[in-house]
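The values are calculated or read from the model by the stated rules, or taken from the named source; none is laboratory data. What you see is a predicted model; the values in this text were computed from it and never measured. Cβ: placed from backbone, ideal geometry, glycine included. Neighbour counts: every protein chain shown. Just the protein is used for accessible areas: all its heavy atoms, side chains included, with ligands, DNA and RNA removed. Shrake-Rupley method; radii C 1.70, N 1.55, O 1.52, S 1.80 Å.
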Amino acid sequence: MSNNDLTNVILAAGKGTRLKSSLAKVLHRAGGRTLVEHIVRACGPLKGRETVVVVGHQAEQVAAIVEPLEAVTVLQHPQNGTGHAMLVAKRSLGRAKLAVVLPGDAPLVRAETLKALITAHRNGNAAATILSAVLADPSGYGRVVRKSETAVSAIVEESQLTDEQREINEINSAIYCFTLEKLWPALAHVKPNNKHRELYLTDAIAVLSAKGETVLAQVAADSREVLGCNTRADLADVDRVFREWKRNALMDAGVTIQLPETVLIDPDVTVGEDTIIEPTVQLLGKTKIGARCTIRTGSVLTDAVLGDEVTVEAHCVVAESRLDDGVIIGPFARLRPNNHLKAGARIGNFVELKKSTIGEGAKAMHLSYLGDAKIGTKSNIGAGTITCNYDGFHKYPTSIGNKVFIGSDTALVAPVHVGDGAYIAAGSTITENVPADGLGIARGRQVNKPGWAAKKRRELSALEKPKSVAKRSKRKPRRASKKGKR
Ligand code: UD1
Ligand code: MG
């Protein structure tokens, strides 16, 4: 389908009063993206001349999102309604003959649905074609008033409905295709006849219909696609639909998701075949997961890249890190940004990593902090090992060679290097480099004092004696009283 006569117009200038927020409505997020970004992306495959976004509230922030997606912006100030927003966009529409107009707050619409709308508009030679939907609960939406099976006479806003019209459950999605040479004269007739004193784009429909122009309404196959976000509850509903679509797409691609309704996955996340995702997992940002991995319950992965057969045990937090094939982490591991765990590495419970490389098959299984560290192949980091990488001013690196054994409770004061095959004795505070195959030991020497404990106990019990005397003297009066009774 060639659409070089068509421009997309997204109306995104409104504040969104009903959200009760300091953030403009279209900057709110659902399904892992801002509302406006979803809509700009849905327009991309239409291959129109361009996408024009009408901005107003927090215009700069909205522009910062849409301009990298190759949309252009036009400023509407003040915001005098959707009809006014369209008039503001007029000067940016160039030689376009048709416009697909979309609100900035109905982010679930899919490109296929928009293509079908354009086709219906062209085939029907219409002045306007409305994307409508039939909803069980149409409250809050403008209603589509039809004059025949095929033709529309008006859109009536919720606040202006008659009792009879209130029964109509076909709603206006606020997504339309317009033939612009017909729209502009109709819009010129629209008056701000409503309590907000705004120019409603919806009122142009009645003007077109009264002029005898063809106005069609195409009912969306999936009514969820037109859900608008005017309230926090709407945002939650829309988010739920996006998340469900994403999980379904992954399940169709061979991913197992247990209790899927508890799992949150962002749109750009990819997951390989036969990976198992347990309940309450969150996969966020640009996370990429290979095949046959297991992501156990409660784990949150953001911008993580996992190879194949990786296991993330329960309740791990992973950010901006790479885990190669066969890595196992957790439970309760925390990977802050910029780690690289090479094939077969293992990170256990209560281990925190930051900007560290863990070599192939290396292990740090218990209660450690490894920051700015490079750990070689098959090295073993004992429980409680800490890299002291920060002196209050700067960060310093720790490098540990291959097949190194770091004893438990070691403090590695960076910058420091431990050579290949070296041992570090448990409880050491290592401040100097340790040569390859050497032993580093840095702790107080142990002194054993034979008999010391026994002697100590004797001394202490001698101090206790006066108390036991006191106890006996307490019992005496009781005996005396028994004697007295006799
Ligand atoms: C609108 C429709 C309603 C439809 C519903 C579907 C109108 C008058 N009503 O109502 O028939 O059922 O969408 O979700 O159009 N905007 C601007 N400039 C303005 C005013 C609004 O750019 O001056 C933008 C808003 O940012 C928003 C969009 O237009 O993205 C729609 O505005 P909104 O206030 O959400 O309209 P609704 O009351 O939802
Ligand atoms: Mg709305």
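Structure data summary
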| quantity | calculated |
| --- | --- |
| Percentage relative contact order, segment 8-68, counting C-alpha pairs under 8 Å, at least six apart | 46 percent |
| Per-residue ³J(HN,Hα) for segment 245-253, Karplus 6.51 cos²θ - 1.76 cosθ + 1.60, θ = phi - 60°, Hz, x for Gly and Pro | 4, 5, 5, 4, 4, 5, 5, 4, 8 |
| Segment 149-166 - phi-based ³J(HN,Hα) in whole Hz, Karplus 6.51/-1.76/1.60, Gly and Pro as x | 3, 9, 9, 9, 9, 6, 10, 10, 5, 3, 5, 10, 6, 7, 4, 5, 5, 4 |
| D (Stokes-Einstein, µm²/s), Kirkwood Cα radius, the chain, 1.306 mPa s at 10 °C | 57 µm²/s |
| Total charge dipole magnitude, the chain, about the Cα centre, Cβ charges on Lys, Arg, Asp, Glu only, Debye to nearest 20 | 5280 debye |
| Amide hydrogen neighbours beyond the local backbone of residue 427, cut-off 5 Å, H modeled | 408, 409, 410 |
| Integer Hz, Karplus 6.51/-1.76/1.60 couplings in order for segment 386-397, x for Gly and Pro | 10, 8, 8, 9, 9, 9, x, 10, 10, 9, 10, x |
| Extreme residue, positive dipole direction of the chain, given options 217, 284, 14 (C-beta unit charges) | 284 |
| Computed over the chain: relative contact order in percent, which uses C-alpha pairs under 8 Å that are six or more apart | 8 percent |
| Charge dipole of the chain about the Cα centre (unit charges at C-beta), most positive-ward option of 131, 300, 413 | 413 |
| Percent of beta bridges antiparallel (DSSP, the chain, rounded to nearest 5) | 20 percent |
| Amide H partners (placed H, <5 Å) of residue 418, local residues excluded | 399, 400, 401, 434 |
| Accessible-area order (highest first, 1.4 angstrom probe) of the listed residues 369, 390 | 390, 369 |
| Cα centroid separation - segment 422-442 against segment 42-113, whole Å | 64 Å |
| Residue 305 long-range amide H proximity, modeled H, under 5 Å | 288, 321, 322, 323 |
| Distance histogram in 5 Å bins (all Cα pairs of segment 22-152, percent per bin) | 2, 9, 17, 21, 22, 16, 9, 3, 1 |
| With DNA, RNA and ligands ignored, accessible area of residue 15 (1.4 Å probe; Å², nearest 10) | 90 Å² |
| Area of residue 391 that stays accessible when all protein chains are in place (1.4 Å probe, Å², to 10) | 80 Å² |
